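Each remark here refers to the structure printed beneath this line.
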Amino acid sequence: MKRVSLTQYLVEEQRLHNSIPAELRLLIEVVARACKSISHAVGKGALGEVLGSAGSENVQGEVQKKLDVLSNEILLEANEWGGHLAAMASEEMETIHPIPNRYPKGEYMLLFDPLDGSSNIDVNVSIGTIFSVLKAPEGMGEPTEQAFLQPGTRQVAAGYAVYGPQTVLVLTTGDGVNCFTLDREMGSWVLTQRDMKIPEDTREFAINASNTRHWYPPVTRYVNELLAGKTGPRGKDFNMRWIASMVADVHRILNRGGIFMYPADAREPDKPGKLRLMYEANPMAFLIEQAGGAATNGTQRILDIQPKKLHERVAVFLGSKNEVERVTGYHQQ
Ligand code: AHG
Ligand code: MN
Ligand code: MN
């Protein structure tokens, strides 16, 4: 089999579609290299003293794990000096990170969830990194938080890495979704799946059912119908999976279909859901749509949402198109 590396893929994509200019290619390669470092650290586990809590809290009030902090540092350091970025923003940092003055600045802005699935780190279950790339607004001087508040439709690239039995990188630049597997001996990313497509129908759903009592009626109705199985209104049985790492749940859905839900609920009405629009929902929605799926917050396409805050939360329904449309329809009724 002829092996196509990430670099070769990016160069050829630029030649064919003119969609990956040199600076964007550098950005993607640097992020991929950072993910390789994170994967290496994850793989060492207790031997690398990377497990456990860092003893600090992030802006969401969540306790940070050592790997949350380390992965954030790896991504910042890797991306600071290349000249391809104007600024970065991360789930683990309260404010944006402008590129220091000692380095040249570029036209892109990078956002990331450095370590997704933190509750799974210490128990050796798949975790990952999610990233999103925007362009700095025309004529931007000093980068500001405001410059990042662009709807997901403006993303020029997005992707995630999963650190699991295999380390994979899934990427879109707006021209389909491709998957690269890390060759651990060679240290290179090899194209292993081209143009991933999500089946429109599915018999698999993902939701944290421990929150059932807090759900709003459209979600309760939808899930109850799935649970009713063959003799219920849907006339077929559904299976459930919940990994508690969005990267791993989304990766399953990209491979074999399914619907992933993290709804808003009645606990904290002013905080819609748990997931973050800029670091989780937008990049995943971009990938899912590029693979033929759908992603909404129950009432609206996620990619159309105008962000108001960097750390804004959002309800998420994504995956196989017909199921996402159905549960979205229940919200509209
Ligand atoms: P993070 O580790 O970046 O905070 O994200 C965790 C997210 C997401 O990956 C996952 O789907 C969800 O939180 C799990 O939430 P529950 O613990 O409520 O199931
Ligand atoms: Mn996350
Ligand atoms: Mn995280």
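The values are calculated or read from the model by the stated rules, or taken from the named source; none is laboratory data. Computed from a predicted model, the values in this text were never measured in an experiment. Backbone-built Cβ (ideal geometry, glycine too); neighbour counts: all protein chains shown. Only protein heavy atoms, including side chains, enter the accessible area calculation; ligands, DNA and RNA are left aside. Shrake-Rupley method; radii C 1.70, N 1.55, O 1.52, S 1.80 Å.
One residue alone among Ala32, Ala46 is open to solvent by less than 70 Å² (accessible area, probe 1.4 Å) and either closer than 30 Å to Ile121 by Cα or among the β-branched types (Val, Ile, Thr) (or both), and that residue is Ala32. The set of residues in the range 260-290 that are within 11 Å of ligand 1 (Cβ to nearest atom) and among the aliphatic types (A, V, I, L, M) comprises Met261, Leu275, Ala281, Met284.
Listed by position, the strands (runs of 3 or more DSSP E) enclosed by the range 1-111 that each have at least 1 residues that are at pLDDT 95 or above and closer than 19 Å to Gly159 by Cα are 85-90. Of everything in the range 101-115 that is of a type outside the set (D, E, K, R) and open to solvent by 30 Å² or more (accessible area, probe 1.4 Å), the residue that is nearest to ligand 3 (Cβ to nearest atom) is Tyr103. Scanning the range 287-333 for residues that are open to solvent by less than 20 Å² (accessible area, probe 1.4 Å) and either aliphatic (A, V, I, L, M) or under 20 Å from Asn255 (Cβ atoms) (or both) yields a total of 20. Looking at Pro283, is it touching an Asp or Glu at 6+ places or on another chain (Cβ under 9 Å), open to solvent by 30 Å² or more (accessible area, probe 1.4 Å) and either at positive phi or not hydroxyl-bearing (Ser, Thr, Tyr) (or both)? Answer is no for this residue.
Of all residues in the range 2-21, those that are farther than 17 Å from Phe180 by Cα have Cβ atoms under 8 Å from Cβ atoms of residues that are acidic (Asp, Glu) and outside any helix (DSSP H, G or I), 6 or more apart or on another chain, in His17/Asp175; Ser19/Asp175.
The one condition from (1) away from ligand 1 (no atom under 15 Å from the Cβ); (2) in contact with a strand residue (DSSP E or B) (Cβ under 9 Å, 6 or more places away or on another chain) that His311 does not meet is (1). Screening Met93 against (1) over 16 Å from Tyr279 (Cα atoms); (2) surrounded by fewer than 22 Cβ atoms within 10 Å (Cβ to Cβ); (3) hydrophobic (A, V, I, L, M, F, W, C) leaves a single unmet condition, (1). On the stretch given as the range 301-325, residues that are out of contact with any helix residue (DSSP H, G or I) (no Cβ under 7 Å at 6 or more places or on another chain) and in a helix (DSSP H, G or I) total 5. If I ask for residues that are more than 16 Å from Gly45 (Cβ to Cβ) and touching a strand residue (DSSP E or B) at 6+ places or on another chain (Cβ under 9 Å), which ones from the range 104-127 would you list? Residues satisfying the conditions are Lys105, Gly106, Glu107, Tyr108, Met109, Leu110, Leu111, Phe112, Asp113, Pro114, Asp116. For the range 124-170, the candidate set comprises residues that are within 16 Å of ligand 2 (Cβ to nearest atom) and hydrophobic (A, V, I, L, M, F, W, C); within that set, the residue that is surrounded by the fewest Cβ atoms within 10 Å (Cβ to Cβ) is Val125.
The condition of being at positive phi, out of contact with any Ser or Thr (no Cβ under 7 Å at 6 or more places or on another chain) and either modelled with pLDDT of 95 or more or not in a strand (DSSP E or B) (or both) holds for only one of Gly292, Gly298, Gly329, that being Gly292. Within the range 222-258, restricting attention to residues that are in a loop (DSSP other than H, G, I, E, B) and within 16 Å of ligand 3 (Cβ to nearest atom), the residue that is nearest to Tyr163 (Cα to Cα) is Ser245. Checked against the criterion of being buried (at least 21 other Cβ atoms within 10 Å of the Cβ), away from ligand 3 (no atom under 16 Å from the Cβ) and within 16 Å of the chain's Cα centre (by Cα), the candidates Met261, Met278 yield just one match: Met261. Residues that are in contact with a Lys or Arg (Cβ under 8 Å, 6 or more places away or on another chain), surrounded by fewer than 16 Cβ atoms within 10 Å (Cβ to Cβ) and not basic (Lys, Arg) within the range 212-250 comprise His214, Ala228, Gly229, Asp237, Asn239, listed in sequence order. Hey, among the residues in the range 62-82 that are away from ligand 3 (no atom under 12 Å from the Cβ) and open to solvent by less than 40 Å² (accessible area, probe 1.4 Å), which one's farthest from the chain's Cα centre (by Cα)? Ranking the candidates gives Gly82 first.
All told, Ser119 meets the bar of being among the small types (Gly, Ala, Ser), open to solvent by 70 Å² or more (accessible area, probe 1.4 Å) and either under 22 Å from Glu73 (Cβ atoms) or free of Cβ contacts under 8 Å to residues at least 24 places away in the same chain (or both).
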